Amino acid sequence: MRELKERILKDGQALNEAVLKVDSFINHQVDPNLMENIGKTFADKFADDGVTKVVTIESSGIAPSVFTAKAMNVNLVILKKSTSKILEDNISQTEVASYTKGTEYQLTLNKKYINRNDRVLIIDDFLARGEAAQGAIRLIEAQGAEVVGVGILIEKAFQSGNKALRDKGYTVCSLARIKNLSDGHIEFLED
Ligand code: G4P
């Protein structure tokens, strides 16, 4: 997606060879116009897949997912990284390890929000090793629902997430695929 790539080049910052900072328009401050266009782009790409729910993982996936769900006229389900006592009666959980942040968390779904008739589009901001996406897939499939695709804003194509998902048969749609972040320089893979 040209608009996203141009914005990454303009306002993104390669912190080191593995991490891209996009705090000024995605992770901390959010540009709603860009998010709306991202939502429309995903809605177009998955228009023929009979999507009934959009699913994301808190927190940075929420903004683009709201616009995607709005453009597809379906509800959004936000998977939680922590849970509260009031939710605990009807939840499904799976452990996810974050390589980038060096943390582990219990990804959590209230089971009443996904059922076996659902066709789910997963949206998230970054794809690195794909641990979060695979955790989301485990929770969705445990409900008997089908994952029709994974939409990613920024894929770090030098990490293994895309291959891991594709090897398992999932469709991955990344709007910006980063080839290299060395020397403070941001280089994209060709479309
Ligand atoms: P994976 O799911 O693909 O394996 O990714 P990983 O665990 O390595 O990433 C964990 C967290 O780090 C995610 O945020 C992800 O968005 C973020 N992340 C990964 N690579 C980058 C990067 O290059 N730049 C930035 N800015 N973030 C990156 P999270 O823990 O879900 O936090 P949140 O921001 O969504 O709350």
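Here are some notes:
- Relative intensity, log₁₀ I(q)/I(0), of the range 146-191 from a Debye sum that treats every alpha carbon as a point, q = 0.13, 0.33 Å⁻¹: -0.31, -1.24
- Full-extension gain in nm, Lys70 to Lys101, via 0.36 nm per residue minus C-alpha separation: 8.1 nm
- With the convex hull drawn over the C-alpha atoms of the chain, the volume per residue is 113 Å³.
- Entries of Lys5/Lys112; Lys112/Lys179; Lys53/Lys101; Lys70/Lys156 with Cα pairs more than 31 Å apart: Lys5/Lys112; Lys112/Lys179
- Within the chain, percent of DSSP bridges classed antiparallel, to nearest 5: 35 percent
- Fraction of the pair-distance distribution of the range 78-191 above 19 Å, Cα-Cα pairs, percent: 49 percent
- Calculated mean residue ellipticity, 222 nm, the chain: -8500 deg cm²/dmol, from DSSP H runs (n ≥ 4) at -39500 (n - 2.57) each, averaged per residue and rounded to 500.
- Relative contact order (%) - the range 71-165, alpha-carbon pairs under 8 angstrom, separation at least six: 27 percent
- Cα Rg, Dmax, the range 1-65, angstrom units: 13.2, 40
- Considering only alpha-carbon pairs that sit under 8 angstrom and 6 or more positions apart, the relative contact order computed for the range 119-191 is 30 percent.
- Restricting attention to the range 35-125, close to 50% of DSSP beta bridges with both partner residues there are antiparallel.
Taken together, the values in this text are just the output of simple stated rules run on the coordinates, not laboratory data. This is a predicted model, so every value here is computed, not measured.
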